[in-house]
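The structure appears right after this line, and notes come after that.
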Amino acid sequence: ARWMPVEEEKLVEFLHSHRAEATDGTGNFKPQMYNHLPAAIAAYRMPGTPVKTPLQCKNKWRALRQLYAEIQRYCTSGKHWDNENGAAIVGTDAGQVWDEYTKTHKSLRPYRNRGWSLFDMISEIMLS
């Protein structure tokens with residue numbers, strides 16, 4: 001399924017508002033939670049696209065959690081990260097290091113100099 005950024009944001013906002021219901025401290029929710037997500041994001045879908053299914057919502061949440069975990073690994077390796085500028089790569093040497101790193105960490109490529117607005121909300125869900 002193709003996801004618009006606003007759909008991702010609304011999905012995370014919904015889960016954030018229900019973060020106390022996360023089952024095991026890793027951001028997993030009971031299956032019935034995913035049944036509520038299509039209705040929560042339906043108003044934000046692109047015209048002419050189908051309504052997301054609970055399974056698509058669960059899979060999108062899994063992908064967002066994986067990106068969050070990838071950013072966490074990057075941060076704990078002593079590298080810079082902020083939600084406004086991402087990795088904030090400046091200069092040729094830093095760029096070469098980044099390019100090499102993202103060969104095996106492909107999901108981080110878009111965040112070379114761009115932050116991820118969902119990071120803080122997902123962090124709060126994961127820590128619940």
Q) Averaged per residue, what accessible area in Å² does the range 9-121 show with a 1.4 Å probe, protein chains only? A) 58 Å²
Q) Would you list THR104, THR23 from the most to the least accessible area, probe 1.4 Å? A) THR104, THR23
Q.
Loop-only chymotrypsin sites (Phe, Trp or Tyr not before Pro) in the range 39-68, please: DSSP not H, G, I, E or B, and at most 13 other Cβ atoms within 10 Å.
A. none
Q | Within the range 71-128, trypsin sites (Lys or Arg not before Pro) in DSSP loop having at most 13 other beta-carbon neighbours inside 10 Å | A | ARG114
Q: Kindly state, to the nearest 0.05, the FRET efficiency for GLN56 paired with ASN83, given R0 = 30 Å and r defined as their beta-carbon distance.
A: 0.70
Q: For the chain, calculate the relative contact order in percent as a whole number, restricting contacts to Cα pairs under 8 Å that are 6 or more residues apart.
A: 33 percent
(Q) With a 1.4 Å probe and all protein chains left in place, how much of the accessible area of the range 5-127 comes from carbon and sulfur atoms, in whole percent? (A) 53 percent
Q | Cβ-based net charge around GLY95, under 15 Å, with every Lys or Arg adding one and every Asp or Glu removing one | A | +2
Q. Do any of LYS10/LYS103; LYS58/LYS106; LYS30/LYS79; LYS60/LYS106; LYS60/LYS103; LYS10/LYS79 go past 25 Å between their Cα atoms, and which?
A. LYS10/LYS103; LYS30/LYS79; LYS10/LYS79
Q) What is the ratio of the Cα radius of gyration of the chain to 2.2 N^0.38 Å, where N is its residue count, to two decimals? A) 1.14
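The values are calculated or read from the model by the stated rules, or taken from the named source; none is laboratory data. The structure displayed is predicted, hence computed values, not measured ones. Because the Cβ atoms are built from the backbone with ideal geometry, glycine has one as well, and the counts that use them run over all protein chains shown. Each accessible area value is taken on the protein alone, full model and side chains, heavy atoms only, with ligands, DNA and RNA left out. Shrake-Rupley method; radii C 1.70, N 1.55, O 1.52, S 1.80 Å.
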